[in-house]
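Report on the following structure.
Nothing in this text is a laboratory measurement; each read-out follows from the coordinates by a stated rule. For clarity, every value in this text was computed on a predicted model and none was experimentally measured. Heads up, the Cβs are rebuilt from the backbone with ideal geometry, glycines too, and the neighbour counts pull from every protein chain shown.
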Amino acid sequence: MQSFALNTIFILISLSYLSIVVSSSKPLNPCNGDFLHTQAYRQMQNQTNTTHCKKLSSLQAQFAWNYHKTSHNQTQLNILIGTKSITNMGWLAWGINPDLPRMVGTRAIIAVKVPNQITPSVNTYNITKDIQLGCKFQPSGIDFMVQNMTVVDDKDVGFFSVFATLVLPQRYNVSSLNHVWQVGYCVDGLEPKMHETSLGNLDSKEVLDLETGDCQNIGQHRRHMRKIHGILNIIGWGTLMPIGVIVARYFKQFPIKLDPCWYYFHYCCQVVGYILGTAGWGLGLFLGHESKYYTFHSHRVLGICIFGFTTLQVTQILAFQFKPTQEDEYRKHWNVYHHFLGYALLVMIPVNIYKGIKLLKPNNITWKWTYNGILVLLGVVVLALEIVTWAIFLYKKCCKKTVEEPSPRRVEIEEDNKGQTKEGSSSRTIEVQE
């Protein structure tokens, strides 16, 4: 049975890895009709007939571009990016990074919109580590020429867009251009303030081939890894381990005794659940390392605690020589310790899974209802077994009381009218309780 479980785990992880590799490079995802009907896109389309347009993977953003080589072997790139996320106040940023697809080191164009402002402002910015440490974020020059920066707030279709023309030196490779985008809703004067730290904001980066429109979507790669992380932990820690607890609680002695089958099933559920959960936990640590500027503290701390507690529990199961025997005077203390960790995990695991699901919003409805269904199913099973347990317990207690209760002894006594017993007098029967 263990070899079957290990083979299943290996196949699951292999298929998940294959899905990541296959989906890491995605073709052009065309823009929708609203963006194609914006005034800014129509003007851009009139300049050239080779404009590419695609939906970006996060923040409801869409991106259009065209380019050509100049006489000095530079690249003139026209870009248009728009989003429906910004209504009254906020900022929209787009930029390219010569080194890696990440925010730090990006040369960005940022448009800022504030209430009661006739024309939103737009400037170039250098995004450095100092900005993430809280330093003031001010416009600055960048290492290539930017012309025709324009902000278009098209209220008819609801798009807030930025257009610009970039003249890129040779160091920027048009076949693998690291570009990033971002949306924020907090502005101090004309200074963009920190954006949200949701996963959508974290995933807003990709490596784009300007010629074909194909991209290596860094965010898509991470989303697949998060799916594997969630599936492994929901199956391992969130399903198999509670099933193991249910088996130990209800099939060890009472109400249904399946000795020693209950132990082997409990053992398999805990070990396989631990292996799957630990694999998901390790993948979560990797994802946390990859997004070092965005840390979800409570989810991370609870995950580490769950890993520590499950390791202690499984170690107790595997290390038979450290487990006290039934006759050992320390056995009752060991039982208290083992049960305390087990029930603590039954509380911590669902809480942390829901915290992880919350991070996936707005695309977390399926995850939430799936895990709700698992918990409801486990809850119904526990409730049914608990009812059976109490019914059997009360029935046996009632039967035992009936068996032990003494029956009254009948004694016939002859009495006369004065209450004295004598021969020939009428008799009556009384019950004497012993």
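Details
- Quarter of the Cα convex hull surface for the stretch 125-171, i.e. its orientation-mean projected area (nm²): 5.1
- Remark: the stretch 188-195, residue by residue, has Karplus-estimated 3J(HN,Hα) of 10, x, 10, 9, x, 9, 4, 7 Hz, where x stands for each Gly or Pro and the curve is 6.51 cos²θ - 1.76 cosθ + 1.60 at θ = phi - 60°.
- Multiplying each eigenvalue of the alpha-carbon gyration tensor of the stretch 90-173 by 5 and taking the square root yields semi-axes of 23, 17, 11 Å, largest first, rounded to whole angstroms.
- Taking amide H as placed 1.01 Å from N in the peptide plane, the amide H of residue 364 sits under 5 Å from none that are at least 5 places away or on another chain.
- By the equivalent-ellipsoid construction on the alpha carbon gyration tensor, the stretch 180-257 comes out with semi-axes of 47, 20, 5 Å, ordered largest to smallest.
- HN-Hα J in Hz across the stretch 173-184 - Karplus 6.51, -1.76, 1.60, θ = phi - 60°, x for Gly and Pro: 8, 6, 7, 8, 8, 7, 10, 10, 9, 7, 10, x
- The stretch 39-189 shape via C-alpha gyration tensor axes, a/c threshold 1.5: oblate
- Cross-link pairs exceeding 28 Å in C-alpha to C-alpha distance, out of 55/358; 84/193; 252/397; 84/358; 136/358; 55/368, comprise 136/358.
- Potential extension, residue 100-residue 29 segment - 0.36 nm per residue separation minus Cα distance: 23.3 nm
- Pair-distance distribution P(r) for the stretch 116-247, from all Cα-Cα distances in 5 Å bins starting at 0: 2, 7, 10, 15, 17, 16, 11, 6, 5, 4, 3, 2, 1, 0 percent.
- Report note on the peptides 67-77, 278-288, 236-246: ranked by the mean count of other C-beta atoms within 10 Å, highest first, their order is 236-246, 278-288, 67-77.
- Taking a ≥ b ≥ c as the square roots of the eigenvalues of the alpha-carbon gyration tensor, the stretch 70-135 is classed oblate because a/c is 1.5 or more while a/b is no larger than b/c.
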